[in-house]
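Worksheet for the structure shown next.
The values are calculated or read from the model by the stated rules, or taken from the named source; none is laboratory data. The structure displayed is predicted, hence computed values, not measured ones. Positions of Cβ are backbone-derived with ideal geometry, glycine not excepted, and every protein chain shown enters the neighbour counts. SASA here: full protein model, heavy atoms, side chains in, ligands and nucleic acids out. Shrake-Rupley method; radii C 1.70, N 1.55, O 1.52, S 1.80 Å.
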Amino acid sequence: MDDSYDREKVVDCMFDPITSALIAELEDGEKNLQYLSEKATISENEVTDRLSYLITCGFIIQKQVDGKTTFSANIEKLSKVVEDGENFGAAIEGLEKMDSFLN
């Protein structure tokens, strides 16, 4: 896992309504792909696509367990992105984007 990543892209992923719902599911612990797909009412491929950048950067951990794909969140790393002072502006911008999308 590389600690270099596009912070704005990570924040955009985190504040996307569907991706943020997936991340919220992972805050309680590891979940399998089928569960996340059903919960978000999107295909399994879309779940993987939406989480792919976060997986690449180590914010989400993807594993194969008994032939099934599972995901878990690196909560500490996700929190640090939002808490990081230089990302605060990006987080606010992300919230503004989400607000404009919802309105």
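Can you name every residue in region 34-70 that is of a type outside the set (D, E, K, R), touching a residue at least 24 places away in the same chain (Cβ under 8 Å) and within 14 Å of SER20 (Cα to Cα)?
Those that are of a type outside the set (D, E, K, R), touching a residue at least 24 places away in the same chain (Cβ under 8 Å) and within 14 Å of SER20 (Cα to Cα): LEU36, ILE42, VAL47, LEU51, TYR53, LEU54, PHE59, ILE60.
Somewhere in region 14-23, is a residue open to solvent by 60 Å² or more (accessible area, probe 1.4 Å), of a type in the set (Ser, Thr, Tyr) and at pLDDT below 95?
Within region 14-23, none of the residues are open to solvent by 60 Å² or more (accessible area, probe 1.4 Å), of a type in the set (Ser, Thr, Tyr) and at pLDDT below 95.
In region 30-79, which residue that is within 24 Å of ASP12 (Cβ to Cβ) and acidic (Asp, Glu) is modelled with the lowest pLDDT? Explain how you work it out, then say what you get.
Within region 30-79, the subset within 24 Å of ASP12 (Cβ to Cβ) is 31, 33, 36-37, 39-62, 69, 71-79.
Still in the list and also acidic (Asp, Glu): 44, 46, 49, 76.
Numbers: GLU44: 96, GLU46: 97, ASP49: 96, GLU76: 88.
Across region 30-79, the extreme among qualifying residues is GLU76.
Which condition number does ASP28 fail, the rest of (1) over 21 Å from ASP6 (Cα atoms); (2) without any contact (Cβ under 8 Å) to a residue 24 or more places away in the chain; (3) in a helix (DSSP H, G or I) being met?
(3)
I want to confirm something. Restricting to region 24-34 and keeping residues that are open to solvent by less than 30 Å² (accessible area, probe 1.4 Å) and out of contact with any Leu (no Cβ under 9 Å at 6 or more places or on another chain), which single residue is farthest from ASP49 (Cα to Cα)?
So the residue we want is GLY29.
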